């Protein structure tokens, strides 16, 4: 169970890295980027 | 049609999953949790929109054209950027309109003149080279050079496919999908990212 949670967390963080490297998302909108991560 | 409750629901589910991971995975920092929550919102939001549009085109019996238009969108928009919408609803309506316009154009229009298409692709390459990728009003873009190269590779692929295919509907679908992306690229670069919000407000003020 713990391994699955670690894997899922790592997957989502990698998805974030992928999104951050794109100009925008596939469809015509995206949620507000967390302000803390802009600093 | 989804309403504001659906947006709240996506946020609530994302927060719920993030809180669960925070409790059960001590190695995650505050920044990691923010990244996880953002990723969940993006994945759940886009998945919801995709399912709604997929079902719509399933009812219209036009799934192959929708899937092609979706693949073109996925292979161009993350690389060159585009107009953003303020709300989930306006984004969904824009996305449905995008696919419906491509569907109508692809099925109703005859095959375009080859010389006209050649001129279009040459102009597209110049536009991509000059303007791609455009700025995102919500977050900074760090790797512009890589995105420009990838967008040019993507455009080359669709250009080759366009001149290889003999099917009029598929060619029209590729042509209009690229035209819509390039139009957005030009609009954003001419008026700046602020205009995105203005365009959205103008067209979708009734949804806000």
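A few points about this structure:
- Being under 30 Å from residue A:17 (Cβ atoms) and surrounded by 13 or more Cβ atoms within 10 Å (Cβ to Cβ) is not true of residue B:142.
- Test: residue in the stretch B:156-165 that is modelled with pLDDT under 90 and either in the same structural domain as residue B:187 (by TED's automatic domain parsing) or more than 17 Å from the chain's Cα centre (by Cα) (or both): no
- For the stretch A:21-39, a tally of residues being within 7 Å of another protein chain (Cβ to nearest Cβ) and assigned to a helix (DSSP H, G or I) returns 2.
- Evaluated against (1) within 23 Å of the chain's Cα centre (by Cα); (2) loosely packed, with under 14 Cβ neighbours inside 10 Å, residue B:20 falls short on exactly one condition, (1).
- Annotation note: Cβ proximity below 9 Å between a residue of the stretch B:54-70 that is farther than 20 Å from residue A:28 by Cβ and a residue that is in a helix (DSSP H, G or I) (sequence gap 6+ or interchain) occurs for B:58/B:66; B:63/B:54; B:63/B:57; B:64/B:169; B:64/B:170.
The values are calculated or read from the model by the stated rules, or taken from the named source; none is laboratory data. Not measured: the values here are computed from a predicted model. Cβ atoms come from the backbone with ideal geometry, glycine included; neighbour counts cover every protein chain shown.
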